[in-house]
2 protein chains.
Amino acid sequence: MNSFMIDKNIFKYTFGNPIDTETICLEGEKKDEQYIKFVKLEEGEDLNLIYKMDDSDIVYGLGENQRGINKRGYIYESFCTDDPIHTENKKSLYGAHNFIIIDGKDKFGMFIDSPSKVVFDVGYSKRDELKVNIEDKNVNIYMIKGFKPKDIVRKFLKIIGDTYVPPKWAFGYQQSRWSYKNEKEINDIANKFIEEDIPCDAIYLDIDYMDKFKDFTINKKDFPNFKEFVSNLKDKGFRLIPIIDAGVKIEKGYKVYEEGIKNNYFCSDKEENPFMAAVWPGRCHFPDFLNKDTRNWFGLKYKILTDLGIEGFWNDMNEPAIFYTDRSLKEAIKSAKDSEKKNLDIYSFFDLKDKFTNMSNNLEDYKSFYHNVDGKIINHYKVHNIFGYNMTKSAAEGLKQIEPNKRFLLFSRSSYIGMHKFSGIWTGDNSSWWSELLQNIKMMPSLNMCGFLYIGADTGGFGNDSDSELVIRWTQFSMFTPLFRNHSALGTRSQEPFAFDKTTTNITKNAIKIRYALIPYIYSEYMKAAIDRNLYFSPISFEYDDEISRRVENQILCGDSIMLAPIYEQNAKGRYVYLPEDMLLWKPDNYLSKNYKVVKKGHRYIDVDLKEIPIFIRKNKMIVKTEAALNVEKIEDKQLNIIAFVEDKAKYLYYDDDGKTYDFKKGRFSTIAIEIEKVEDDFKISVKNKGNRLVKKINFEIIDIEGKVYTKTISLEK
Amino acid sequence: MNSFMIDKNIFKYTFGNPIDTETICLEGEKKDEQYIKFVKLEEGEDLNLIYKMDDSDIVYGLGENQRGINKRGYIYESFCTDDPIHTENKKSLYGAHNFIIIDGKDKFGMFIDSPSKVVFDVGYSKRDELKVNIEDKNVNIYMIKGFKPKDIVRKFLKIIGDTYVPPKWAFGYQQSRWSYKNEKEINDIANKFIEEDIPCDAIYLDIDYMDKFKDFTINKKDFPNFKEFVSNLKDKGFRLIPIIDAGVKIEKGYKVYEEGIKNNYFCSDKEENPFMAAVWPGRCHFPDFLNKDTRNWFGLKYKILTDLGIEGFWNDMNEPAIFYTDRSLKEAIKSAKDSEKKNLDIYSFFDLKDKFTNMSNNLEDYKSFYHNVDGKIINHYKVHNIFGYNMTKSAAEGLKQIEPNKRFLLFSRSSYIGMHKFSGIWTGDNSSWWSELLQNIKMMPSLNMCGFLYIGADTGGFGNDSDSELVIRWTQFSMFTPLFRNHSALGTRSQEPFAFDKTTTNITKNAIKIRYALIPYIYSEYMKAAIDRNLYFSPISFEYDDEISRRVENQILCGDSIMLAPIYEQNAKGRYVYLPEDMLLWKPDNYLSKNYKVVKKGHRYIDVDLKEIPIFIRKNKMIVKTEAALNVEKIEDKQLNIIAFVEDKAKYLYYDDDGKTYDFKKGRFSTIAIEIEKVEDDFKISVKNKGNRLVKKINFEIIDIEGKVYTKTISLEK
């Protein structure tokens, strides 16, 4: 073990010869320490880090995973897995996010930088023991000290690099389905949004837009005039977002396949032939995304689509998912044939059935192929968790070459910490279950802790049939997530905002409009978090450290001013909320609503009608909104409308930029610093504009601690 | 349609020529009505009953089903199904319980007496529409009017007949696992309970105790001296409870099989050969339980085991579950062979996989066999939902012949309303998920509404690995369910009370001891509900009709005096509770605890440590407990200890009987009527003993509305 000090609070411990994941590129100063701070190290065939927990210790982190914001009581396996059935027993989802924070007598963060399997047993096997099992002994372990969980997270965010920033239009509502199959169907959907006066910025293309599921092709039958179609849709206000899959179809004459073969761009099997496994296109090869040349080649393929007017992509199936291989299919079929003549005893029958059920995403397959990293041949299993990461890195680097200063929409299903530098993620294939909505709420802050800011779930649920109430309640939560997309699977019930009755259409429309009205707040908070390396979503315990705040799992903070207490239960007409301090409850059913009420600190039960969204504005904080519009680019920022809850003094920094380029990195963004101060029986407002040329007027509704509303308007000087 | 009036509030509508399920045996007086009260009737190839719901309407009932106590928002299919994965999208579980209660502008109950598929769409397809789809147009529909949901339920309970009553020892804790495999393993478990001083009354035998899974056989290798073994265990205080499956193994020389063949006792296929399908024993035939002779024959087979000292049984696999048939296996294997040479496109691959995945419990199989009911040949699909019912009826009738006045323990997995006359049920194969614990809580009152009183779930969860906290919290709830059994599946983590750490052992032990101390209350409440045709568990809205009580889904009433607010979330250290009136919170961590606190009506947050159980005693009510013992028969009822929460006056009727026979039906039971009345600054107690010869003394702790504790003792006169 070699130990390094990165700064006085961050230590790095290197075992063996780790694969460079490029998540953290800091060497640090060599130290002589032979023990790891805080934990007991057990070294055998693998590494175990052991920490004794007190009953009151909380464990945060682990990004995209099941269960609570407090991860205690279960065991999580970082091994990116295409598994859409998110029952409580599942240990691995689509991402691998090896960062945890312990908050108790000791306070520290721990990042296990290993792209192979890592298991976090957080008091599951033994109630008071945290045990991290690291299979590959070539690993970097980072330990971060801090006074509070939030400090620790911010230190971690500092060392893992700047986050991906999407274009501003990607903060609009987005509509997806597997699949809107042809130009007419998509036009109908777009027209329906316009007709119903529901804002929407993007419509998605799932796998069927391709020719036989081949990446970077267009199925000409259904999309005969793709370029024109993309352009017409954009004129109507909608971007079209195609999916890109990880597997490349084996087909003579298919250019991507031919080039891949010719240049050795694919992962190979033991015999050094390209590794073959079946996914949507049938038998495929898999680009070796860990190889720089492959990444460069594949990334530039996105130009085929950007040349057709495409400005956003979603990378899918990049765990990589495997439906079957020749090996697993052969084995299963052989089992079936062998059993044909037998009077099967029941366990043999289950064995036979299992052969078919367990064919997909089989460990044996993941151990049977190889990457070429700088000439070194590495078994896939050792680097499994950075495959999707590197596919998405390839896309991001390609897009950067294609149009260097343009922000593209890009997000991925599979991920590893560090990938946040290149894209957002969605939380994968969920189900139309209420439990998934609650999981979505809990997952958001955990993902932020691991660096991922542009995030969201399939609103309404992907698999299984949704219903109107679930779509409404989920929309009322997702309207706060940076990625705000409704998506559903083939064969399931339609779940667009207008797919149910008139009431549902109206309620979801109003929720979406509130989102658009809140874009000034959401975009400001997102961009400030991105630039300052901060959280957008956080557990309320990150700001309030009383005992009850530490227990809250179903309320989260969104940006600096808002506490969300979403409704996530069927038939609920209200819910309990814990308020660590007095807050202003804004419960709009439309974005112009003035339904304000001061709610005193403590435990409260609030009524929440189906059409209402409970938004708590923290004390001495404000939110900024404007007029909704049918898409983000149509939002006029001439007037901002502030709702402020002020006891003595509140500050807000409104941020804006061109929404399209990376110029903000060069300081080309505007801010308006707003300050409201209680002065005797009135409020004094000060506004400092740095470079904003759009906003002409700011309207204030200031609510004081007694609930009295003060209305004011400030005109901005030029 | 023929209409009948059973009494002025109960109407019966007969369509066609319904199969007699024997659930309700009342003809009623013929009426001329040509419409069904409350609902709109649509008659086509099937029947639809349609009812427009207001937003505030609540729909109760449906027994063993997913989702809320209020069933609104989903679609439920009554079609008994062996499906252990209880995700929210599942529509059918093990039972078929076609009774619903509408509570809104109209108040009525509706029982669809059809043993074929019935679908209840409770505002799922259309948010404001209840639609009941009845596939088989030969059906009796019962409509029950009432002023309140509870009235309606009680009227329904009156017409469906007396409930099954188990022996008193069956209210003790019961330990199960698939499987404790041999005498030694079971002895070890029993000894461990004794050593750890944990009460337990029964240990279970899952399928492996049989010889090759053959009903009514004993595997001699593992149980060489079964009779002696049963007797020795009983001496130690444990009953042994074997499982009985629905399928009979096809095996030359196996007596049950041979007799079944000889006498035509099995269900037959289209060619009039015995229907064959594979379950645990491999290929099986299925006794035609709808046939009286078959029932009589099979029921008397239980004598083989009662002769060996067995006093209780659980009937399993009686939906009936089918793993595969020759047809489905052949088809799947053919698919596999056909696909061998092809380059499968991906949808053909999924078709192939589905052939194997969907082999079990296949509708085509259920439609391919037949029953002989009084000479009439009936397709199984038409009577599917009363198969398990009639298996259990067969057992109950058999046991009644074997020992007419002895109460046996008997419960079943599959069920239909009416089966409650013969046995209890457990809620089938659940999972070690927190969501299942909450579902368990919600399901209990719904099952009571459908007549089932002796009920409980697999505590700790059957499938998947459990953990110490889940076992603790689940035990703390199940200690109130009449059937209180911990059970887990093959290959999962051990989850007996002592399977984890010392703390867990102590906490679960104390919960189990509180159960034993509360047997006087639990048994009294159960027996009074059984005799008076009342509920043991009910939604709090059945007693309190304020708006918030109508919303509560996570608190239930248990007997007349207790409101339960269980902890069902991981890492929870407290919870919100709604109190419709002032109550006394008793939060014991052991049965002697005096941790009392008056909690004022309204919304409250309460701290609940892992070792504590929040028990709310309603105002002007009392509970009765005694000293815990290692098994129910060892409980000495010499002293009763009363905890009463009295504002002005409280009454309680303590019930007891021999616990072993049906003599209570002839009035051979004892009661002690207890009355506590506030008189100025003190309480006056009156006690009227009718026939109880055990109780010598009653100790009272009376807590007044201010929380002041009054301690008193009353000696019982002889």
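Rule-based calculations on the coordinates, nothing more; no lab input. Because the structure is a prediction, the values reported are computed rather than measured. Neighbour counts are summed over all protein chains in view; Cβ atoms, including those assigned to glycine, are modelled from backbone coordinates with ideal geometry.
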Check: How far is A:Asp607 from itself in the other copies, in nm, if each label sits 7 Å out from Cα along the Cα-Cβ line, shortest first?
Finding: 3.3
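Pairs A:Lys341/B:Lys337; B:Lys573/B:Lys611; A:Lys184/A:Lys236; A:Lys292/A:Lys367: which exceed 18 Å Cα-Cα?
Too far apart for the 18 Å limit: A:Lys292/A:Lys367.
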Margin query: 5 Å is the cut-off here: which amide hydrogens, built 1.01 Å from N in the peptide plane, fall below it relative to A:Phe266, excluding neighbours closer than 5 in sequence?
Written below: A:Asp288
Notebook entry, point to check: Can you give the average number of partner chain beta-carbon atoms within 10 Å of each beta-carbon in peptide B:116-125, as a whole number?
Noted result: 1
Note to self: Could you derive backbone 3J(HN,Hα) for region B:119-128 from the dihedral phi with the Karplus parameters 6.51, -1.76 and 1.60 (θ = phi - 60°), listing whole Hz in sequence and x where the residue is Gly or Pro?
What the structure shows: 10, 10, 9, 9, x, 8, 6, 10, 4, 10
Next item on the list: Before anything else, pin down the relative contact order of chain B: Cα pairs under 8 Å, at least 6 apart, normalised by residue count, whole percent.
Entry: 12
Next item on the list: Give the nm distances, rounded to one decimal, from B:Asp374 to the matching residue in every other copy, measuring between label points 7 Å along Cα toward the beta carbon; shortest first.
Entry: 8.6
Check: Hey, got the average number of other protein chain Cβ atoms within 10 angstrom for residues in A:336-343?
Finding: 4
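Relative contact order for region A:522-715: what is it in percent, counting Cα pairs under 8 Å that are at least 6 residues apart? The partial results should precede the final answer.
Working: 394 pairs, mean separation 30.1, N = 194.
With pairs under 8 Å counted, the relative contact order is 16 percent.
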Margin query: Taking the alpha-carbon distance from B:Lys684 and a cut-off under 17 Å, which lysines remain once sequence neighbours fewer than 8 residues away in the same chain are dropped?
Written below: B:Lys619, B:Lys621, B:Lys649, B:Lys651, B:Lys697, B:Lys708, B:Lys712
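With the Cα gyration tensor of region A:243-402 giving a ≥ b ≥ c as the square roots of its eigenvalues, does the rule (a/c under 1.5 for rounded; else a/b larger than b/c for prolate; else oblate) give rounded, prolate or oblate?
Working: a/c = 2.47, a/b = 2.10, b/c = 1.18.
Prolate, because a/c is 1.5 or more and a/b exceeds b/c.
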Next item on the list: Using only atoms on other chains, find how many Cβ atoms lie within 10 Å of each Cβ of peptide A:65-78 and report the average.
Entry: 2
Next item on the list: Among A:Leu490, B:Pro199, B:Asn689, pick out the residue whose Cα is farthest towards the positive end of the charge dipole of the protein assembly as shown, where Lys and Arg carry +1 and Asp and Glu carry -1 on C-beta, about the Cα centre.
Entry: B:Asn689
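Using 28 Å as the Cα-Cα cut-off, could you pick out the over-long pairs in A:Lys594/A:Lys638; A:Lys249/B:Lys342; A:Lys262/A:Lys382; B:Lys155/B:Lys303?
Numbers: A:Lys594/A:Lys638 21 Å; A:Lys249/B:Lys342 16 Å; A:Lys262/A:Lys382 26 Å; B:Lys155/B:Lys303 37 Å.
Over 28 Å Cα-Cα: B:Lys155/B:Lys303.
Got a sec? How would B:Leu438, B:Leu640, B:Leu363 order by Cβ neighbour count within 10 Å, fewest to most?
Working: B:Leu438 18, B:Leu640 25, B:Leu363 12.
Placing the least packed residue first, the sequence is B:Leu363, B:Leu438, B:Leu640.
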Next item on the list: Run the numbers on region A:571-659 and let me know its relative contact order in percent, using alpha-carbon pairs under 8 Å that are six or more apart.
Entry: 26
Margin query: Please report, for B:Asp351, the nm distances (one decimal) from its label point, 7 Å out from Cα along the beta-carbon direction, to the equivalent points in the remaining copies, shortest first.
Written below: 3.0
Notebook entry, point to check: Using θ = phi - 60° and the Karplus curve 6.51 cos²θ - 1.76 cosθ + 1.60, what whole-Hz ³J(HN,Hα) does each residue of region A:690-701 get, with Gly and Pro shown as x?
Noted result: 10, x, 7, 10, 8, 6, 9, 8, 10, 9, 10, 10
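Using only DSSP helix segments of four residues or longer, with each worth -39500 (n - 2.57), what per-residue ellipticity at 222 nm results for chain B after dividing by its residue count and rounding to 500? Working shown, then result.
Numbers: 15 runs with 166 residues, N = 718.
For chain B, the value works out to -7000 deg cm²/dmol.
Do any trypsin sites (Lys or Arg not before Pro) in region A:621-710 lie in a loop, going by DSSP, with at most 12 other beta-carbon atoms within 10 Å of their beta carbon, and if so which? Spell out each step's value before the answer.
On the way: sites: A:Lys621, A:Lys625, A:Lys634, A:Lys638, A:Lys649, A:Lys651, A:Lys660, A:Lys665, A:Lys666, A:Arg668, A:Lys678, A:Lys684, A:Lys688, A:Lys690, A:Arg693, A:Lys696, A:Lys697, A:Lys708; in loops: A:Lys638, A:Lys660, A:Arg668, A:Arg693, A:Lys696, A:Lys708.
In loop regions of region A:621-710 (DSSP not H, G, I, E or B), the sparsely surrounded trypsin sites (Lys or Arg not before Pro) are A:Lys638, A:Arg668, A:Arg693, A:Lys708.
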Next item on the list: Return the aspartates and glutamates within reach of B:Lys442: Cα separation strictly under 17 angstrom, same-chain partners fewer than 8 residues apart disregarded; answer none if there are no such residues.
Entry: A:Glu569, B:Glu64, B:Glu88, B:Asp429, B:Asp458, B:Glu543, B:Glu553, B:Glu569
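Sorting B:His371, A:His97 on the 10 Å Cβ count, fewest up front, what's the list?
Details: B:His371 24, A:His97 27.
In increasing order of surrounding Cβ atoms, one gets B:His371, A:His97.
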Check: Taking neighbour counts of Cβ atoms within 10 Å as a proxy for exposure, in what order, fewest first, do B:Met276, A:Met317 appear?
Finding: B:Met276, A:Met317
Check: Given charges of +1 on the Cβ of Lys and Arg and -1 on the Cβ of Asp and Glu, with all other atoms neutral, how large is the dipole of the protein assembly as shown about its Cα centre, in debye to the nearest 20?
Finding: 1300
